[in-house]
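The values are calculated or read from the model by the stated rules, or taken from the named source; none is laboratory data. All figures in this text were calculated on a predicted structure; none of them were measured in a lab. With ideal geometry, Cβ positions are generated from the backbone for all residues, glycine too; neighbour counts draw on all protein chains shown.
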Amino acid sequence: MTFLKKSSFFVLLLLLFACGTVGITGRRQLLLMSEAEEVQLGLSTYKQAMGQYPEIKTGPQIAMLRRVLSRIAPVTGKNYPWEVRLLKADNVVNAWCLPGGKIAFYTGILKVARTEDEVAAVMGHEIAHAYAHHGNERMSQNMGLKAVAEILSLTLSGSGRKGQEMRNNVMLAFGVASKVGVLLPFSRKQESEADEIGLHFMVQAGYDPEAAVRLWERMAKGRAPSTGLDRFLSTHPQPLERARALQRLIPKVRAKYGR
């Protein structure tokens, strides 16, 4: 067996046996890192991120965030050292949860998520990313694409100027195709999946799932319509699409938990 065939066989074998299953949705996913490695990476990233903005340690906003976390964390089934922090950044409309349960909210997002139920919608969504190992999955997919690119590069290795030009053109086309056809759409899939899982967490924790719909409808009103190209290349589903998808899911999720 040639080196190229051996490499191809090894990559295929690795991808075959490195699959996991997302809880709640049951979707199969590629995971090349262990959960312990993933959590360690999350903790390292968390320490770096904490110094970027002033932290708000007291007051009604951080008290609410801690209360929401105390209700959502137990229903995830993850025994992480959960922690949420509030960072003073009124112009940052964002929140995130890293592997290992370390969460940050920026004050800007609390201008959009105006009630505790809406904050629970945001937190449930962000926690869902960590619960579903989405960061691990994105890195694993990049690693898989790099391995395929290396094999493709070896396959196309040729002598002379024409051979080099052909190799460069094919590799460039592969890079563009992999980004548009695999990476960006996959991120949209993850965002939709996090919406769905987060809705399950909200309902289990006793929050109103309709708040998630209201939140994304408000987001849509505050955002100019995207062009067709922007929409295609966006890594996030459009706000109104998210609101409608959540609305369709609510009856099923309520029925599942008897809420």
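Figures for the structure shown
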{"item": "Positions within the range 1-34 being surrounded by 14 or more Cβ atoms within 10 Å (Cβ to Cβ) and modelled with pLDDT of 90 or more, in sequence order", "result": "V22, G23, I24, T25, R27, Q29"}
{"item": "Among the candidates G124, G135, G100, residue that is closer than 17 Å to Q190 by Cα and either at pLDDT below 95 or of a type outside the set (G, A, S) (or both)", "result": "G135"}
{"item": "Test result for D90, closer than 28 Å to K221 by Cβ, modelled with pLDDT of 90 or more and surrounded by fewer than 14 Cβ atoms within 10 Å (Cβ to Cβ)", "result": "yes"}
{"item": "E55 being farther than 30 Å from L249 by Cα, of a type in the set (D, E) and at pLDDT 85 or above", "result": "yes"}
{"item": "Qualifying positions in the range 28-69 - within 19 Å of the chain's Cα centre (by Cα) and of a type in the set (S, T, N, Q)", "result": "Q29, S34, Q40, S44, T45"}
{"item": "Conditions (1) in contact (Cβ under 8 Å) with a residue 40 or more places away in the chain; (2) crowded, with 20+ Cβ neighbours inside 10 Å: number failed by G77", "result": "(2)"}
